[in-house]
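Trainee: Structure below; questions to follow.
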Amino acid sequence: MGLVNGLKCRECGKPYKAEPKYVCEECFGPLEVDYNYGEIKKSITKEKILSRPPNMWRYKELLPIEGEPAVKLSVGYTPLVHCKNLGKAWGMPNLYIKNDAVNHPTLSFKDRVVSTAISKAIEFGYDTVGCASTGNLANSVSAIAAHAGLKAVVLVPSDLEAGKIIGTQVYKPKLIKVFGNYDDVNRLCTEITSKYNIAFVNINIRVYYGDGSKSYGHEIAEQLGWKAPDQVIVPIAGSSLITKIYRAFKEFEMLGFIPEVKTRVFGAQATGCSPVTTAVKEGKKNFKPQKPNTIARSIAIGNPADGYYGIKTINESGGWAEDVSDQEVVDGIKILAEHEGIFTETAGGVTVSVTKKLLDQKRLDPNAVTVMCITGNGLKTQEVLHGNLEEPPTIHPKLEEFQRIYK
Ligand SMILES: Cc1ncc(COP(=O)(O)O)c(C=O)c1O
Ligand SMILES: [Zn+2]
């Protein structure tokens, strides 16, 4: 018996073979991987995990790959950092960051989903992979496709940050800038998948892609000493990551690796693109699509594919959601850098400022074990800091001039 039964519809449960398919023919619900947890329980132990190299494949029985992953890169197992300084400033002694700003190879958590998706695309026999991206995914698909020797087709909104464009171009994919926002790009890519034999990682093989995010949650639980956190704050775009982190904790509970999961899951968005947080705050079960307008480009998805499930995860876990202004995003980036020496991108600025907002609202327990999900690197979105940092003085190489400034 394999560890994966196939796919199944998240809504009506109809089973499907493991193929590049993502929508149920019966009810148009999204498909998900149907794991054979009975078999998985027999084949994975904590000891086995601990004996493996420190990367996301140490949990490979819980990823939708047959045998060994085709992408051999060492992705994941990023640091879980105890934020002593920020924790002190905020009165949160048990505050942590899961730092995927230093994930290998392209400095965001997207390397987890992409190495899973591209491994699967290779299993399915594709020679070309693609994506619709808000930036980080473009970087990751291009780099990992280059590593795997596949062709890549990458479509992005035309006005993306320079760091995200250059950090894609350098790997020489077929990069196409599209006039419009992410949702326009995604719509076009969905049409392309029906005409071309391309594995679009977040469209026709999305089912497999999404599960790569579970490793982010598995690692948090392992790195906390085999327990789930009490509170976790997650930035939301398409809303896949937030559902998969919670799923990962639940899987570890089911396998008996950690005690009962009581984690409250909190969603974070920028107010300029906040379909999910707005729905949660208004007590709605589903979101209303929005037209994004925020500097937090990497999470600017107005019509999130898994938005409904993100809301469900937040509500079922007893969590909440908040959003912050663009100025608060910048402030969040600066606060994290100044206190912890970690330079995150706009999505991380959102997470940090939402955490503080939830704390001020008394939605978070200040003493509980709390993990902020830092998912991307600040070097990619440097322009948002222009005009927001103190201008350094420039001097001639003379001691008097230094002494005049350095009081
Ligand atoms: C840095 C960063 N964080 C978080 C997210 C959110 O991920 P998801 O689309 O799974 O909600 C993204 C998605 O693009 C991202 O780039
Ligand atoms: Zn169905």
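Trainee: To the nearest 20 Debye, how big is the dipole of the chain about its Cα centre, given +1 on the beta carbon of each Lys and Arg and -1 on that of each Asp and Glu?
Mentor: 420 debye
Trainee: Let me ask something else about it. Which percent, to the nearest 5, of DSSP beta bridges fully inside region 52-202 are antiparallel?
Mentor: Bridges in region 52-202 that DSSP calls antiparallel: roughly 20 percent.
Trainee: At a 1.4 Å probe, what is the % contribution of carbon and sulfur to the accessible area of region 134-279?
Mentor: Within region 134-279, the accessible surface is 53 percent carbon and sulfur.
Trainee: Okay, next question. Hey, in the GNM for the chain with a 10 angstrom Cα cutoff, which one of ALA162, ALA221, ALA347 fluctuates hardest?
Mentor: Sorting by GNM fluctuation, first place goes to ALA162.
Trainee: Quick check: residue separation of GLN169 and GLU338 times 0.36 nm, minus the Cα distance between them. What number comes out in nm?
Mentor: 57.7 nm
Trainee: In terms of solvent-accessible area of protein heavy atoms at a 1.4 angstrom probe, what is the ranking of LYS14, LYS214, highest value first?
Mentor: Putting LYS14, LYS214 in descending order of accessible area: LYS14, LYS214.
Trainee: Follow-up. Go through LYS174/LYS214; LYS14/LYS284; LYS98/LYS214; LYS88/LYS334; LYS214/LYS250 and tell me which ones have a Cα-Cα distance over 20 Å in this structure.
Mentor: LYS174/LYS214; LYS14/LYS284
Trainee: Could I have the simple spin-label model distance between CYS27 and TYR406, label points 7 Å from Cα toward Cβ, reported in nm to one decimal?
Mentor: For the pair CYS27/TYR406, the computed spacing is 6.8 nm.
Trainee: With every protein chain left in place, what is the accessible area of ARG206 in Å² (1.4 Å probe, nearest 10)?
Mentor: Accessible area, nearest 10 Å²: 50 Å².
Trainee: What number does the chain give for Rg over Rh if you use C-alpha atoms and the Kirkwood radius?
Mentor: My calculation puts Rg/Rh at 0.98.
Trainee: Taking +1 at the Cβ of each Lys and Arg and -1 at the Cβ of each Asp and Glu, which of LEU62, PHE28, ALA143 sits farthest along the dipole of the chain towards its positive end, judged by Cα position relative to the Cα centre?
Mentor: In the chain, that residue is LEU62.
Trainee: May I pose another question? Heavy-atom accessible area per residue, the chain, 1.4 Å probe: how many Å²?
Mentor: Spelled out: the 1.4 Å probe surface of the chain, per residue, equals 42 Å².
Trainee: Between MET254 and LEU50, what length in nm is gained on full extension when 0.36 nm per residue of separation is reduced by their alpha carbon distance?
Mentor: 71.6 nm
Trainee: Between SER325 and THR394, what is 0.36 nm times their sequence separation minus the Cα-Cα distance? Round to one decimal in nm.
Mentor: Between SER325 and THR394, full extension yields 21.6 nm more.
Trainee: Take the chain, connect every pair of alpha-carbon atoms lying under 10 Å apart with a spring to form a Gaussian network, then pick out the residue of SER194, SER133, SER215 with the largest mean-square fluctuation.
Mentor: Top of the fluctuation ranking is SER194.
Trainee: Just add up the charged neighbours of CYS27: K/R +1, D/E -1, any other residue whose Cβ is under 15 Å from the Cβ of CYS27.
Mentor: Net local charge, CYS27 excluded: 0.
Trainee: Turning to a different aspect of this structure: Roughly speaking, to the nearest percent, how much of region 1-43's 1.4 Å accessible area is carbon and sulfur?
Mentor: 51 percent
Trainee: Restricting attention to region 292-400, which GluC sites (Glu not before Pro) occupy a DSSP loop and are surrounded by at most 16 other Cβ atoms within 10 Å?
Mentor: Qualifying residues, ordered by number: GLU390.
Trainee: Using unit Cβ charges (K, R positive; D, E negative) and no other charged atoms, how large, in debye to the nearest 20, is the dipole of region 1-43 about its Cα centre?
Mentor: 180 debye
Trainee: Also, I was wondering about something else. About its Cα centre, what dipole magnitude does region 85-177 give when the only charges are +1 on Lys and Arg Cβ and -1 on Asp and Glu Cβ, stated in debye to the nearest 20?
Mentor: 60 debye
Trainee: In a Gaussian network model over the chain where Cα atoms closer than 10 Å are linked, find which of LYS21, LYS312, LYS48 has the largest mean-square fluctuation.
Mentor: LYS48
Trainee: Would you mind calculating the relative contact order of the chain from Cα pairs under 8 angstrom and at least 6 residues apart, reporting the percent as a whole number?
Mentor: Worked out over the chain, it gives 15 percent.
Trainee: Which order do the peptides 269-278, 354-363 take when ranked by the mean count of other beta-carbon atoms within 10 Å per residue, highest first?
Mentor: 269-278, 354-363
Trainee: Nearest-5 percent of antiparallel DSSP beta bridges in the chain?
Mentor: Here the share of antiparallel DSSP bridges comes out near 35 percent.
The values are calculated or read from the model by the stated rules, or taken from the named source; none is laboratory data. Quantities reported herein were computed from a predicted structural model and do not represent experimental measurements. Quick reminder, even Gly has a Cβ in these numbers, built from the backbone with ideal geometry, and neighbours come from all protein chains shown. All accessible areas refer to the heavy atoms of the entire protein, side chains included, with ligands and DNA or RNA removed. Shrake-Rupley method; radii C 1.70, N 1.55, O 1.52, S 1.80 Å.
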